[in-house]
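Written below as structure tokens is the structure these notes are about.
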Amino acid sequence: MKINKLDHLCIAVKDLEAARKVWEPLLGKSRPDEVYVDESEKIRVARYWIGEIGFELMASTTPDGDVAKFIEKRGEGVMLLSFNVDNTREAVTELQRQGYPLIPAPNGEIVRPFRDCEFAFVHPRKLNGVLTEIIDYKWDELKEKK
């Protein structure tokens, strides 16, 4: 599996607006480059571009969401590293062949949709406790900003 780059990293936060006030001065930003809600993943996200790498603050939209569960168990902090690949399905096949455990979505599917791409999660028990995402998004909106 070829990794193109570190795609983004996610920080789990309880209060997205409070976290923005803390992080934005450090990042040299007055606002996120993008704010969105992903209903299927039960998250609200503030994304900032640091070069070509996304830095995301994520808050749960529900008490039973994965971000809320993460914070309850481990507290706020780094929750996820994401690697960009050319094709998520091919990467998943290779990871499965190598014995990496993958986390299914609530519907049982390993590969999940996001915008014009797909992503999958590698279980943290295999990677030193780090939840790892594989995603094949092209980030055309980042190219448009240049």
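The values are calculated or read from the model by the stated rules, or taken from the named source; none is laboratory data. The shown structure was predicted, so the numbers you read here are calculated from the model rather than taken from an experiment. Heads up, the Cβs are rebuilt from the backbone with ideal geometry, glycines too, and the neighbour counts pull from every protein chain shown.
Observations on the model:
- Cβ-Cβ under 8 Å pairs, at least 6 apart or on other chains, the stretch 34-53 side modelled with pLDDT under 95, far side among the aromatic types (Phe, Trp, Tyr) and part of a loop (DSSP other than H, G, I, E, B): 52/139
- When residue 101 is tested against (1) in contact (Cβ under 8 Å) with a residue 40 or more places away in the chain; (2) touching a helix residue (DSSP H, G or I) at 6+ places or on another chain (Cβ under 8 Å); (3) over 19 Å from residue 5 (Cβ atoms), only condition (1) is not met.
One line per residue, one yes/no per condition, for (1) at pLDDT below 95; (2) over 17 Å from the mean Cα position of the chain (by Cα):
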position	(1), (2)
103	no, no
107	yes, yes
110	no, no
115	yes, no
120	no, no
131	no, no
138	yes, no
144	yes, yes
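- Residue match in the stretch 76-95 (condition: assigned to a loop (DSSP other than H, G, I, E, B), farther than 13 Å from residue 14 by Cα and basic (Lys, Arg)): no
- Taking first residues from the stretch 55-74 that are part of a helix (DSSP H, G or I) and partners that are among the aliphatic types (A, V, I, L, M) and crowded, with 19+ Cβ neighbours inside 10 Å, the Cβ contacts under 6 Å between residues at least 6 apart in sequence or on separate chains come to 67/12; 67/43; 67/58; 70/12; 70/79; 71/12.
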